[in-house]
Amino acid sequence: MRLTNYFLPLLKETPSDATIASHQLMLRAGMVRQNAAGIYTWLPLGHKVLKRIEQIVREEQNRAGAIEMLMPTIQSAELWKQSGRYDAYGPEMLRITDRHDREMLFGPTNEEMLTDVFSSFVRSYKDLPKMLYHIQWKFRDERRPRFGVMRGREFLMKDTYSFDLTPEDARKSYNKMFVAYLNTFERLGLKAIPVRAETGPIGGDLSHEFVILADSGESAVYADRDLVEMNAPGTDIDFGGDLQSVVDQRTALYAAADEMHDADAFAAIPEDKRMEARGIEVGHIFYFGTKYSEPFNAKVQGPDGKPSLVEMGSYGIGVSRLVGGIIEASHDENGIVWPASVAPFGAGIINLKVGDAECDGVAEELYAKLSEAGLDPLYDDSSDRGGVKFSRMDLIGLPYAVTVGPRGVRDGVVEVKDRRTGERESLSVEAAVAKLTG
Ligand code: P5A
């Protein structure tokens, strides 16, 4: 993409209502624009990152055996009356009436809807287990939408629902999702810690939240440091292994968020291993048995010929929240530092002398070669000053910036800067391309 053809509306001033780094940076870098409290337009740069995160989430769901589908955003109130949640959900639910005075709502989650769909098609245990998911916008009329996309009202969620014959099988599905979440967050460059969690309005008695550590996090997290290290990047878990032991290992050490915190159990951890920090909840998984299959009479015929209620769980990832969460975990005083796996462009190209035949030639050559290699570069071909170009590139946080200037061109080199480390190297065009694409 050539910058002069792109739409990158940067803000010069940090908006005063943005109090945390990710919110400020997303606005300044032209990733989002607020339309109403907790409701955002995803501008091209933000949209690209959102889609890249969504794709990683999707690939890891597919790898775990979940099947993608798509349910609507608008639901009928009937479904929620059937489960008893229509009243229980309270003012967080955006209630709508259509022209025929029918009660509708903008879905905050889809347990009811999918249980209903499932129960109208599936009759036999032979069709189980099944895990189905969609990636769809949700609406929750949060009392205090804040921190930009991190606590929005309209937000993108990946939600999976598992259907099993027995509680033991349901536990296997839960474990699969648990492991899929570890792999997903690892690919996103995040250290996510599974903590025991309350189940709130979703229900059930087995639940884990996945939290990433950040000072701006909304919840207090108490954990054993060894657990935090266990979830470090670079650890892909194979589904062929013993998943229960992986889950056991990740849940054996102490980790809890505010509500589930047990001060005595925490105090029993050796002092140097005790970690008290703030965290952002990026995922939440639930096993709730027959809470929804019961009201929807979702039964399958078992091997013994008898009908039994299906055992269910649901598993959420805050896809749009992750955009902010990743920035919270990865930025510096100059801007965002994207992990390569989600960066909106693979590299930036800065031409310091647009209009100079030699600089243009080298920059075009780089642009062609990096594009061909699939790196999806962003070429700053604008007539702005060098300083403006450098700080803009730092702000939007692409993993590498390659600078083409008259002096370097004379010497046959370009300068490659690593955004994360700040290291610079002078390389020939060929060596620069090899470094970035190798
Ligand atoms: C699990 C999937 C559920 O809704 N039903 C379907 C279950 N869980 S949850 O914890 O309530 O939400 C799942 C994830 O969605 C993100 N999230 C939000 N993101 C941005 N703004 C919000 N207001 C918001 N609310 C929830 C979180 O990442 C959460 O873990």
If a residue has to be within 11 Å of the ligand (Cβ to nearest atom) and within 20 Å of the chain's Cα centre (by Cα) to count, how many in segment 104-134 make the cut?
6
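Just to be sure before I move on: is PRO344 touching a Ser or Thr at 6+ places or on another chain (Cβ under 7 Å), within 14 Å of ARG419 (Cβ to Cβ) and in contact (Cβ under 8 Å) with a residue 60 or more places away in the chain in the structure I sent?
Values: touching a Ser or Thr at 6+ places or on another chain (Cβ under 7 Å): no; within 14 Å of ARG419 (Cβ to Cβ): yes; in contact (Cβ under 8 Å) with a residue 60 or more places away in the chain: yes.
Spelling it out, it is not the case that PRO344 is touching a Ser or Thr at 6+ places or on another chain (Cβ under 7 Å), within 14 Å of ARG419 (Cβ to Cβ) and in contact (Cβ under 8 Å) with a residue 60 or more places away in the chain.
What helices (runs of 4 or more DSSP H) completely inside segment 319-438 contain at least 3 residues that are of a type in the set (Gly, Ala, Ser) and crowded, with 24+ Cβ neighbours inside 10 Å?
Here the list reads 319-329.
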Criterion (in contact with a strand residue (DSSP E or B) (Cβ under 6 Å, 6 or more places away or on another chain) and within 16 Å of the ligand (Cβ to nearest atom)) met by exactly one of PHE266, PHE296, PHE210:
PHE210
Matching residues, segment 280-318, being more than 17 Å from LEU132 (Cα to Cα), among the acidic types (Asp, Glu) and assigned to a strand (DSSP E or B)
GLU281
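Consider segment 250-268. How many of its residues are more than 15 Å from GLU186 (Cβ to Cβ) and either basic (Lys, Arg) or free of Cβ contacts under 8 Å to residues at least 24 places away in the same chain (or both)?
Taking segment 250-268 as the starting set, the residues that turn out to be more than 15 Å from GLU186 (Cβ to Cβ) are 251-268.
Those left that are additionally either basic (Lys, Arg) or free of Cβ contacts under 8 Å to residues at least 24 places away in the same chain (or both): 252, 262-265, 267-268.
Result for segment 250-268: 7.
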Would you confirm whether any residue within segment 100-123 is touching a strand residue (DSSP E or B) at 6+ places or on another chain (Cβ under 7 Å), over 20 Å from LEU156 (Cβ atoms) and among the aromatic types (Phe, Trp, Tyr)?
yes
So for segment 134-145 (the condition being closer than 17 Å to ILE53 by Cα, β-branched (Val, Ile, Thr), touching a residue at least 60 places away in the same chain (Cβ under 8 Å) and crowded, with 23+ Cβ neighbours inside 10 Å), does at least one residue qualify?
no
Return the residues of segment 284-317 that are touching a helix residue (DSSP H, G or I) at 6+ places or on another chain (Cβ under 9 Å) and over 27 Å from LYS81 (Cα atoms); say none if nothing qualifies.
GLY302, PRO303
Hey, could you check segment 150-208 for residues that are charged (D, E, K, R) and farther than 25 Å from GLN55 by Cα and say which is surrounded by the most Cβ atoms within 10 Å (Cβ to Cβ)?
ASP164
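Taken together, the values in this text are just the output of simple stated rules run on the coordinates, not laboratory data. Because the structure is predicted, anything quoted here is derived from the model rather than measured. With ideal geometry, Cβ positions are generated from the backbone for all residues, glycine too; neighbour counts draw on all protein chains shown.
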